[in-house]
Amino acid sequence: MRPLLERHRRSIWLSVFLVTLAGLVAGTRLPVTLFPQINYPRVVVAIDAGERDAAQMAADITRPGEIALRSVPGVTRIRSTTSRGSAEISLSFDWGQDMVAATLATQGALATILPDLPAGTRFNVRRSDPTIFPVLGLSLTSDRRDGVALQQLAQLRLRPLLSTVPGVAGVDVVGGGTPEIAVDVNPARMQALGLTINDVATALNAANSVAAVGRVEDRHRLYLALVENRIANEADIAAVPIKAATDPGAGIVTLGQVATIRRAPAPAWTRVTSNGTNAVLVNIRQTPAADAVALVKAIDERLKSAGLPADVTVSPFYDQSELVAGAASAVRDAILLGAFLAGLVLFLFLRSWRLMVITAALLPAVLAATCLALLVLGMSFNMMTLGGMAAAVGLIVDDAVVMLEHLMRRMQEAPASTKPSLLDAAAEMARPLFGSTAATIVVFLPLAFITGVTGGFFKALAVTMTAALVVSLLYARYALPLVASHWLTMRDVEAAEKADGFMGRIGDSYDRAAHRALIRPGLFVGLGAAILLVIGAFSWTHVQSGFMPKMDEGGFILDYKAKSGAALSDTDQLLRQVETIIRDTPEVVSYSRRTGFQLGGGLTEADEGDFFVRLKDGSRRPIEAVMTEIRLKIEAQVPGLQVELLQLMEDLIGDLTAVPQPIEVKLFGDDPAALAAAARKVAQGIGTIHGIVEVQDGLRVAGDAIIVKVDRPAAALAGLDPDMVAKQIEAQIAGTVATRLLSGETVIDVRVRAPLALRQRADVLGALLLRAPDGRTVALRQVAQVMIAAGQRQITREDLAPFIAVTARLEGLDLGSGMKAVQAKVGQLKLPTTIRVDYGGLYAQQKQSFTDLTTVFVAALLLSALLLTLLYENWPFTVAVVGTVLLSICAVLFGLWITGTELDISALMGVTMVVGMLTELAIFYLAELVPDAPITGEALIEAGRARLRPILMSALIAILTLLPLALGLGRGSGLQRPLATAIIAGLAIGAPLVLTLLPGLILLLGRIRIGRPQSEINAPS
């Protein structure tokens, strides 16, 4: 190998340079996103059928839709919510399903039943992916312009401007008002002239038309003949003639004589504010592969050329790039700080500045090559790939340290003034170096078979670390020896010998401890294992558990629900009090509020909506403390308002996976009354558990209704039927869009309806006039009874079975403990036998993820055992290493408990990585043993003494490079904190176990005794 490396040293150096250069270029081209691109297996169907009774809606539309959608290939679960005139059906598929094909299949299934559904039924099918949430949200406010004018600015100026920015998937404008011309008829004048609203609408429609009637060729020109009768403004509408009555001698009146004509916003039961001011919101959504940070910068630049009026203020209410950039900065700082600490360790043990420079040059070269691999694989910089780089720093430096330490040791062992062949020395480390890297890589292989959020997230981390480790292995094996052979001198050996005093004292202590331990290996191993098992068992029963790691995102969502059926003005009044509470919170920078719809869409009534609250950067209280304070103030000061507070990414992942709440108790039953009673009982019961907050009983009521019950005989005597009555009432209350005016690029509806005085109160609806075909008129109260009915509850079903979901959130309580308390409480309630109970929410996701990651852990352990067997073909070695690793997991559990870190999917991934990292240290230790030689206690101690320095250096470097991540420094860095904490705990105990407990296990399993006298054993060597 030496001639080969010598012969190709220039090509190797050039290859490293070119790969590094390409990696630097790749780093500038990699998109920056929040999370890895994951195809979430969920499709949502939104159905709109106008104004319709909830029960009738469920029978006529939702249930046929569910039956049709059940036939879509790959559907695993269907959940529906039905309200008045609208419904939402959620389809869940298996992970890995082709969601483009699934979406098309869903649209096809609905198209087949559309002809059988009531007229006017419309549906919208959308995939659940992160682009449903905006990457940037802007608010438009003005002290001079109303909501209609602001919406026109957003629609006609900002939307076209921003839609052309590369990476923008869509621009949604919400809030404000749609321009409309209201024609409020005078009932008395209309009755006196024998006119109806239908007559007015017909006249308007006929008076506003443009028709092509043919082409004419005249004098060498071709003309299009148009009959144009276009209405341009309110004056033209007022001048439209209407024939009074139907007899031939009837006169003509103009519309202005029988109606009031004015500009008004279209009817809307929504409201939007920003920082307490009525606003229009512009939500910019990104394409899946877009760079969030670059996209927001490009939008900011584009806004500078928008040319908006001076009185219009544009301000961001949400900026995802801040979290992305904050997380990237936190990981970058962790890499730099970890590399600096690793350099200190290297200098402490070897005292050579050349070794520090070599290692410092290797790290960016490997990370640059990793960037190139990510670009080739179509990945991005995100919280998982960046976290993978940060976690790999210690392993990259470790490869260099192991190789350089071995080269330095060979230089120290060589005769004075004689420099040994460092390329030959490097060849000695080939087998353990390849084996140790393989030990770390194999633990990631089982992740290829894991699905769900866990698989999607940690596959990105695994690919990043694997790429970094492969490059690090190649550089450490082939590039570093070339650099060392040309640059290291005997002065570096002299510098390293200065550290021998420090290492000598540590080595002497190790010798004494190892000799004492290996006198009676059975006692030592048994006692050590017993202590670790007790610690592990205690920690297992006390450590908290969760699903996703907690992190401070710098903002949160506040979902709210007012009293069912509350008027929009009353709900708005309550929410103004909430806005005061939010504004008085010192950590809040800005907020936006939506009423009647939500940031991520979904079925929403006029009495519910959400806030997005944005917090200050820098030093402030933790976000959980701020959220708790706001929730408690709302509960105390704004009675009648139910709220849920959660961070945006938790809300986003919950919506994408259809499990938005941590706790969900699903109650199934065929008796609606018994089901509702059980839901109330469960909600009341779990609400008494300390730490369970924001309990919702799932009994969502869509609001009250005014019922018009037609008296068929009376209607028949008046020449009417129920259908005629319904259409005439609708024309007077909701109005009829008679025609549309073209105003620039905008089309404005002209709505004809009764005056506000006749339709704003239920008790005056009876005075509405109805006209029979023969011209007779009657009041509504003469042919129908008008009454108010109590609110109708939304109808929810899962897989066609009626169910109610009782949900809750946690505060100061982990998910595992919370669910145990909830299950115990539900079991004590003695629900009827007709009620079936199931548990969903994030708890169900946690169970699945824990099962998957446990499988990954076991598979990683078995693969590590296979690797050890392939390397050494020695059963005691394999069993001893596996036993040492398993005992080290007890230390991981203790570390999580003592630091208050939850056992979540990130921590479990850390546990799995501990398997590979400790196996790597064990391979370095076993590499010192002479193959096929008898394994004695003396040989084991000598191997430990020889590998003491590299193992300690490797463990310390890995711990210190992960320490910044474990401390959770920086915004958004909390995602990797449990993983780093688990690895640090495992290495802190596992590395000493490799040097002490592993030899004892090998000795015990091999049934070998130390062949030295007692006095010699106790003496330091």
### Task
Looking only at segment 62-73, decide whether some residue is in a strand (DSSP E or B) and more than 20 Å from G703 (Cα to Cα).
no
### Query
Does D655 satisfy the criteria of being touching a Ser or Thr at 6+ places or on another chain (Cβ under 8 Å), buried (at least 19 other Cβ atoms within 10 Å of the Cβ) and either assigned to a helix (DSSP H, G or I) or free of Cβ contacts under 8 Å to residues at least 12 places away in the same chain (or both)?
yes
### Message
Quick check on this structure: which one of R793, R761, R751, R771 is within 30 Å of V710 (Cα to Cα) and either free of Cβ contacts under 8 Å to residues at least 60 places away in the same chain or aromatic (F, W, Y) (or both)?
### Response
R761
### Task
Quickly run through segment 696-714 and pick out the residues that are within 23 Å of D607 (Cα to Cα), of a type outside the set (K, R) and surrounded by 15 or more Cβ atoms within 10 Å (Cβ to Cβ).
Q696, D697, G698, L699, V701, A702, G703, D704, A705
### Message
Against the definition (modelled with pLDDT under 90, of a type outside the set (A, V, I, L, M, F, W, C) and not in a loop (DSSP other than H, G, I, E, B)), how does D199 come out, yes or no?
### Response
yes
### Task
Scan segment 133-161 residue by residue and report those that are within 29 Å of S86 (Cβ to Cβ) and touching a Lys or Arg at 6+ places or on another chain (Cβ under 7 Å).
P134, V135
### Query
Considering segment 822-847 alone, what residues qualify as being surrounded by fewer than 17 Cβ atoms within 10 Å (Cβ to Cβ), touching a residue at least 24 places away in the same chain (Cβ under 8 Å) and part of a helix (DSSP H, G or I)?
Q828
#### Entry: strands (runs of 3 or more DSSP E) enclosed by segment 74-162 - at least 1 residues per element that are among the aromatic types (F, W, Y)
86-93, 122-127
### Message
Which count do you get for residues in segment 866-909 that are outside any loop (DSSP other than H, G, I, E, B) and not hydrophobic (A, V, I, L, M, F, W, C)?
### Response
9
### Query
When residues of segment 327-363 are filtered for being within 14 Å of A400 (Cβ to Cβ) and among the hydroxyl-bearing types (S, T, Y), how many remain?
2
### Query
Is segment 883-904 home to any residue that is free of Cβ contacts under 8 Å to residues at least 12 places away in the same chain, of a type in the set (S, T, N, Q) and surrounded by fewer than 18 Cβ atoms within 10 Å (Cβ to Cβ)?
no
### Query
Which number in (1) more than 31 Å from the chain's Cα centre (by Cα); (2) under 19 Å from A328 (Cβ atoms); (3) of a type in the set (A, V, I, L, M, F, W, C) marks the one condition that L375 misses?
(1)
### Message
Being outside any loop (DSSP other than H, G, I, E, B), more than 30 Å from L153 (Cβ to Cβ) and either in the same structural domain as E51 (by TED's automatic domain parsing) or not small (G, A, S) (or both) is the requirement here; does V778 meet it?
### Response
yes
### Summary
When every residue in segment 443-485 that is among the aromatic types (F, W, Y) and crowded, with 22+ Cβ neighbours inside 10 Å is compared, the one nearest to M389 (Cα to Cα) is F458
### Summary
The condition from (1) surrounded by fewer than 20 Cβ atoms within 10 Å (Cβ to Cβ); (2) assigned by TED's automatic domain parsing to the domain that holds A392 that A365 misses is numbered (1)
### Task
Name the one entry in V737, V665 that is of a type outside the set (F, W, Y), outside any helix (DSSP H, G or I), out of contact with any Leu (no Cβ under 8 Å at 6 or more places or on another chain) and within 18 Å of R793 (Cβ to Cβ).
V665
### Task
Exactly one condition in (1) of a type in the set (A, V, I, L, M, F, W, C); (2) over 30 Å from G1000 (Cβ atoms); (3) crowded, with 20+ Cβ neighbours inside 10 Å is not met by L568; state its number.
(3)
### Task
Run I686 past the list (1) assigned by TED's automatic domain parsing to the domain that holds N233; (2) under 42 Å from the mean Cα position of the chain (by Cα) and report the number of the one that doesn't hold.
(1)
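The values are calculated or read from the model by the stated rules, or taken from the named source; none is laboratory data. Note that the structure is a prediction, hence the values are computed from the model and not measured. Quick reminder, even Gly has a Cβ in these numbers, built from the backbone with ideal geometry, and neighbours come from all protein chains shown.
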